[in-house]
Amino acid sequence: MSNREIADIFENLYDILSADEKSKFEALAYEKAARSIGSMSVDVSDIYSMEGISGLMKIPGVGRGIASHIIEYLKTGKIQKYEEIKDKYPIDFQNLFKIEGFGPKKAIILYSKLGVKNLNDLKKAAENHRIRDIPGFGEKSENLILKNISMLNSLGGRILLYDGLTEGKKIVKYLKNSDLIKQCMIAGSTRRMRETIGDIDILATSSDNKSVMDLFTEFPDVKSVVVKGDTKTTVLLNIGITCDLRVIDDHSFGAAMQYFTGNKDHNIKLRKISIDNNYKLSEYGLFYNDKNIAYDRDEKFIYNKLNMDYIPPEMREDRGEIELALQHRIPELIELNDIKGDLHVHTVESDGLNTTAEMIEAAINKNYIYIAVTNHTKSLKVANGMSDGRFMEYFDKIDEIGKKYKIKILKGAEVDILKDGSLDLEDETLKRIDCVVASVHTGMNMPEEDMTDRIINAIKTNKINILGHPTGRLINERPPYNTDINKISEYCEKYKTAMEINASPERLDLNDENILKTSKYNIYYSIDTDSHNIYGYDFMELGVGTARRGWLTKNRVINTMDLNNLIKFLKK
Ligand code: DGT
Ligand code: CA
Ligand code: CA
Ligand code: ZN
């Protein structure tokens with residue numbers, strides 16, 4: 001299927017050419033062609049092979065000139081004019097568009113006057129105050145550019161999953177709230193629950209594209225409109241990334257969701273398998289003898305037609321899932337509904353913001369049947385860590401409060417693993433604890449061998465139930481500790497210590513890759529939110545998403561157990 005590639009090139013040509021008044025009409029011609037080719041369900045290569053150039057010229061918006069570009073692309077995989085323009089303007093448009101108010105026109109002006117090709121050049125130019133004197137910019141926009149760049153850089157151009165998912169849901173809700181929309185869903189990396197998001201992708205179907213796009217650009221969190229078209233509109237959001245909205249034919253929704261969920265490598269492999277089976281897969285459908293057999297069908301239909309199990313979005317990373325699906329061995333992944341409680345929760349007693357009663361009531365609202373209250377221990381002074389004495393008093397209080405509720409309150413602690421691997425609580429105190437989470441919070445720069453020994457020594461005390469945030473990384477902020485995760489897994493298996501999948505947005509620790517690595521061992525996991533207030537419970541969705549990206553089934557996760565089995569596990 002070449003339609004998408006050709007439409008993208010024409011869209012890019014539109015972006016570039018529309019910057020110049022002189023080529024405005026030419027630009028509009030490309031945009032028109034991009035629009036009709038981008039929404040066609042018949043492949044242009046089929047039209048060309050059956051009807052030649054006159055067939056192509058029947059496509060709305062395609063004249064002889066554009067038709068010959070299409071033919072050129074079909075024959076050579078390139079369009080010379082586009083290659084030349086890319087040579088003339090070697091500009092990283094996509095990333096520059098992430099700056100507020102930046103469209104093709106501004107990008108080309110700054111390239112022509114200052115040689116700005118990318119964000120780095122732009123930053124230097126702004127820092128040296130070379131932008132303020134360019135007509136149409138001024139001091140204010142120079143400052144704004146600097147502010148925008150520092151925001152983008154601090155996030156590496158990508159934002160946390162939680163922020164992308166929250167914003168994406170908000171946009172979908174906003175669009176669905178109008179009566180213009182038939183179907184609307186989040187696609188892309190956000191749907192795959194990747195830990196960071198480069199841009200948000202949303203698909204919608206409607207009989208009134210134009211009004212949908214108007215509505216979209218009026219969304220209150222939109223900072224500026226990057227490109228507005230009838231089938232695709234890109235906006236910059238206040239949270240610092242862009243969002244693509246594609247409005248597509250309702251009958252192609254399943255195929256489009258498959259295509260735009262990605263990832264790219266997964267899609268490429270799937271397309272190859274389609275061809276091997278005499279099908280053609282595209283964002284418009286699954287075609288057999290030019291008939292779209294996926295008309296009005298969902299993603300599952302498409303995977304099944306290709307003799308595969310349905311592959312959940314979180315697995316679509318070309319990490320062996322396609323091969324597994326062909327053998328009908330896709331596991332039944334854990335779901336948010338399987339979670340019966342949260343085993344890592346803080347309260348005001350250490351560094352939480354809500355009282356024990358408030359945290360309990362919020363857990364009841366989540367329909368949980370148990371939680372473990374796990375405050376910090378004494379050596380973690382910055383988090384108001386509790387002494388053994390305070391824990392003992394607190395446990396009396398929990399026994400008392402516990403009687404009032406149907407939900408089971410497990411007495412817990414997040415015990416510091418000290419530098420030598422010993423635990424930061426007396427044995428007497430530990431004996432009273434139902435659920436021991438143990439974590440490293442200090443001395444995080446130890447060499448690999450020392451850090452591995454430190455954690456293993458802690459596990460070997462045989463008093464730990466859950467190894468908290470096992471690698472210590474903070475996304476875009478702090479690298480993981482140096483450890484040998486395989487060796488640690490061996491000891492977790494031997495001592496029945498679950499590894500945590502910490503669901504805090506900036507942690508997601510273990511991450512997907514480490515789950516895939518460690519799940520070869522016969523170990524369990526605990527998906528916990530590490531909540532410091534009642535809203536923290538909502539992070540569970542991120543933890544489950546991460547577990548699904550690590551291919552986990554519910555029987556590997558201890559907080560899907562009923563209370564009796566959980567208590568059995570905790571007692572070892
Ligand atoms: P991101 O935005 O960097 O977090 O990651 P994605 O996966 O959301 O990537 P994005 O937004 O560039 O594209 C969304 C999906 O659209 C991507 O996962 C697969 C599909 N897609 C985009 N471009 C291409 C392409 O050139 N070929 C194929 N086969 N698929 C593509
Ligand atoms: Ca994306
Ligand atoms: Ca995108
Ligand atoms: Zn911690």
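The values are calculated or read from the model by the stated rules, or taken from the named source; none is laboratory data. Everything numeric here is computed off the predicted structure, so don't read it as measured data. Methodologically, a virtual Cβ is constructed for each residue, glycine included, from the backbone with ideal geometry; neighbour enumeration extends over all protein chains shown.
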- [ ] Six or more apart or on different chains, Cβ under 9 Å: which pairs go from a residue in the range 254-265 that's at positive phi to one that's more than 6 Å from ligand 1 (Cβ to nearest atom)? Could you list them?
- [x] G262/A187; G262/R191; G262/R192; G262/P313; G262/R316; G262/E317
Task: In the range 534-548, the residues that are within 18 Å of G468 (Cα to Cα) and over 18 Å from the mean Cα position of the chain (by Cα) - done: G536, Y537
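Considering only the range 6-21, state which residues are assigned to a helix (DSSP H, G or I) and at pLDDT below 85. It would help to see each step written out before you state the result.
Applying the first criterion (assigned to a helix (DSSP H, G or I)) to the range 6-21 yields 6-17, 21.
The answer is D15, E21.
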- [ ] Return yes or no: is A458 in contact with a strand residue (DSSP E or B) (Cβ under 9 Å, 6 or more places away or on another chain), within 13 Å of ligand 4 (Cβ to nearest atom) and closer than 15 Å to K496 by Cβ?
- [x] no
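Could you check the range 104-121 and list, in sequence order, the residues that are under 19 Å from D15 (Cα atoms) and not basic (K, R)? Show your work before the answer.
As a first pass, look at the range 104-121 and keep what is under 19 Å from D15 (Cα atoms): 104-113, 115-119.
Passing the criteria: P104, A107, I108, I109, L110, Y111, S112, G115, V116, N118, L119.
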Task: Test result for I145, away from ligand 1 (no atom under 14 Å from the Cβ), closer than 29 Å to E506 by Cα and under 16 Å from the mean Cα position of the chain (by Cα) - done: no
Task: Close pairs (8 angstrom Cβ cut-off, 6 or more residues apart or separate chains): more than 17 Å from V247 (Cα to Cα) and at pLDDT 95 or above in the range 188-208, assigned to a strand (DSSP E or B) and away from ligand 3 (no atom under 16 Å from the Cβ) anywhere - done: E195/L160; T196/L160; I197/L160
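Look at I70 and say whether it is modelled with pLDDT of 90 or more, out of contact with any Cys (no Cβ under 9 Å at 6 or more places or on another chain) and within 26 Å of L281 (Cβ to Cβ). Break it down stepwise before answering.
On the way: modelled with pLDDT of 90 or more: yes; out of contact with any Cys (no Cβ under 9 Å at 6 or more places or on another chain): yes; within 26 Å of L281 (Cβ to Cβ): yes.
The answer is yes for I70.
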Task: Of all residues making up the range 217-228, the number that are away from ligand 3 (no atom under 14 Å from the Cβ) and of a type in the set (A, V, I, L, M, F, W, C) - done: 3
- [ ] For the range 183-210, name all the residues that are more than 7 Å from ligand 2 (Cβ to nearest atom), of a type in the set (G, A, S) and surrounded by fewer than 23 Cβ atoms within 10 Å (Cβ to Cβ).
- [x] A187, S206, S207
TODO: Test each condition in (1) away from ligand 4 (no atom under 13 Å from the Cβ); (2) closer than 26 Å to K340 by Cα for N476 and report the one that comes out false.
DONE: (2)
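Suppose we keep only residues that are of a type in the set (G, A, S) and in contact (Cβ under 8 Å) with a residue 40 or more places away in the chain within the range 209-245. Which one would you say is nearest to R4 (Cα to Cα)? Even if it seems obvious, please write down each step before you answer.
Of all residues in the range 209-245, those of a type in the set (G, A, S) come to 211, 224, 229, 240.
After this cut, where a residue has to be in contact (Cβ under 8 Å) with a residue 40 or more places away in the chain as well, the list is 224, 229, 240.
On the way: S224: 25, G229: 15, G240: 27 Å.
Ranking the candidates gives G229 first.
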Open item on the list: Go through (1) away from ligand 1 (no atom under 12 Å from the Cβ); (2) within 30 Å of N209 (Cβ to Cβ) for S150 and report which single condition fails.
Closed with: (2)
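Can you give me the number of residues within the range 154-198 that are among the polar types (S, T, N, Q) and farther than 18 Å from V212 by Cβ? Explain how you work it out, then say what you get.
At the first step, the residues of the range 154-198 found to be among the polar types (S, T, N, Q) are 154, 166, 177-178, 183, 189-190, 196.
Next cut, farther than 18 Å from V212 by Cβ only: 154, 166, 189-190, 196.
Residues in the range 154-198 being among the polar types (S, T, N, Q) and farther than 18 Å from V212 by Cβ: 5 in total.
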Open item on the list: Pairs please, first residue from the range 514-533 and crowded, with 17+ Cβ neighbours inside 10 Å, second anywhere and at pLDDT below 95 and not in a helix (DSSP H, G or I), Cβ atoms under 7 Å, 6+ apart in sequence or on different chains.
Closed with: H532/D351; H532/G352; H532/L353
- [ ] All but one of (1) within 16 Å of ligand 1 (Cβ to nearest atom); (2) within 23 Å of the chain's Cα centre (by Cα); (3) within 26 Å of S2 (Cβ to Cβ); (4) at pLDDT 95 or above hold for D298, so report the exception by its number.
- [x] (1)
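Can you name every one of the strands (runs of 3 or more DSSP E) wholly within the range 281-377 that holds 1 or more residues which are among the hydroxyl-bearing types (S, T, Y) and over 30 Å from N555 (Cβ atoms)?
Qualifying strands (runs of 3 or more DSSP E): 285-288.
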- [ ] Taking only the range 426-442 into account, find how many residues are of a type outside the set (V, I, T) and more than 20 Å from E500 (Cα to Cα).
- [x] 5
Task: Subset of the range 229-268 that is closer than 24 Å to E299 by Cα and among the charged types (D, E, K, R) - its residue that is nearest to ligand 3 (Cβ to nearest atom) - done: D244
